[in-house]
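Take a look at the structure set out below.
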Amino acid sequence: MPTENITNHIVNWLKTYVQKSQSKGFVVGVSGGIDSAVTSTLCALTGFPTLCVDMPIHQSQNQIDRAHAHIEWLQKRHHWVRFEKVALSDVYDGLIKAFPVIENEEDRLMALVNTRARLRMTTLYYFAGLHNYLVSGTGNKVEDFGVGFFTKYGDGGVDLSPIADLTKTEVYALAKYLGVNKDIIVAPPTDGLWGDDRTDEDQIGASYPELEWAMDMADKNHVSSDFTNRQKEVFAIYTKLHNANKHKMIPIPVCEIPNELK
């Protein structure tokens, strides 16, 4: 992958967008993961003010340490990078207490996981509104347009998405080119929303390279008769998630009223 050309293309795209929108810079939620590290680095390379926000909610310390190390690395290279830490654990716990108790624990846990992501989105837009910044998304192509592995109006609630046309494999290649900390590159991908060490692969049931393969097969309308057993399993996982999460990937449906009814 021609990483230098892609880097220059994304950085120029970000510069053009912020200028046309008459905004002043970018705000990025930095989690200690590969996607937010690459995104925040690309934003910083524009030369526009870039605010990196750490928003722990009962986060594991290793995730926090990776996020802080990355932000320190960015600040040493770019004096226009700023850092804010907003501890949201108490806010989250208070919100849980305010919610009614439900019997289905599985449904409750999933709803609370998405609530974490939406609290972070609210925090990012607080800073965006304060400084006239744009909230930069950190989702990659497989997450955003393949399996929909993001929270609607959570980490999916952004102003622009600089890496959403890059696969996870391409994001890793870009991270190495940009010099992102090795600890981030080798860390197993995780959304950090469960308060434990479960990875994206644990949740999805397939690795990102496998999902990239399935996405490619789906785009090419390949039939599964030639697939191995594992390929059939991965393709089924991809198809199920893609269909279930399609509502995240398309515009909000609008009930159009015929003129004769108005």
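Structure above, values below:
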| read-out | value |
| --- | --- |
| Linear extension gain, His79 paired with Ala244, 0.36 nm per residue minus alpha-carbon span | 55.1 nm |
| Net lengthening on full extension, Asn5/Glu103 (0.36 nm per residue, minus Cα-Cα) | 30.0 nm |
| Listed residues Gly33, Val91, Val53: farthest to the positive end of the dipole of segment 3-197 (Cβ charges) | Val53 |
| Qualifying chymotrypsin sites (Phe, Trp or Tyr not before Pro) in segment 183-262, DSSP loop, other Cβ atoms within 10 Å at most 11 | none |
| Lys24/Asp93 FRET efficiency (R0 45 Å; Cβ-Cβ; nearest 0.05) | 0.85 |
| Loop-located trypsin sites (Lys or Arg not before Pro) in segment 1-106, at most 14 other Cβ atoms within 10 Å (DSSP) | Lys24 |
| Student exercise, segment 3-197 dipole from Lys, Arg, Asp, Glu Cβ charges, in Debye to nearest 20 | 840 debye |
| Approximate spin-label separation His68-Ala218, in nm, with each point projected 7 Å along Cα-to-Cβ | 3.9 nm |
| Longest exposed-site-free window of the chain, the sites being GluC sites (Glu not before Pro) in a DSSP loop that have at most 14 other C-beta atoms within 10 Å | 104-255 |
| Enclosed volume per residue, in Å³, of the convex hull spanned by Cα atoms of segment 142-212 | 107 Å³ |
| Compactness of segment 74-151 - radius of gyration and Dmax, Cα, Å | 16.2, 51 |
| Average silhouette area of segment 3-197, convex hull of alpha-carbon atoms, in square nanometres | 10.7 nm² |
| Rounded if a/c under 1.5, otherwise prolate or oblate - segment 125-259, Cα gyration tensor axes | oblate |
| Percentage of interatomic Cα-Cα distances in segment 17-92 larger than 14 Å | 58 percent |
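Coordinate-derived values only; no laboratory data. No experiment lies behind these values; they were computed from the predicted model shown. Note: ideal-geometry Cβ built from the backbone for every residue, glycine included; neighbour counts use all protein chains shown.
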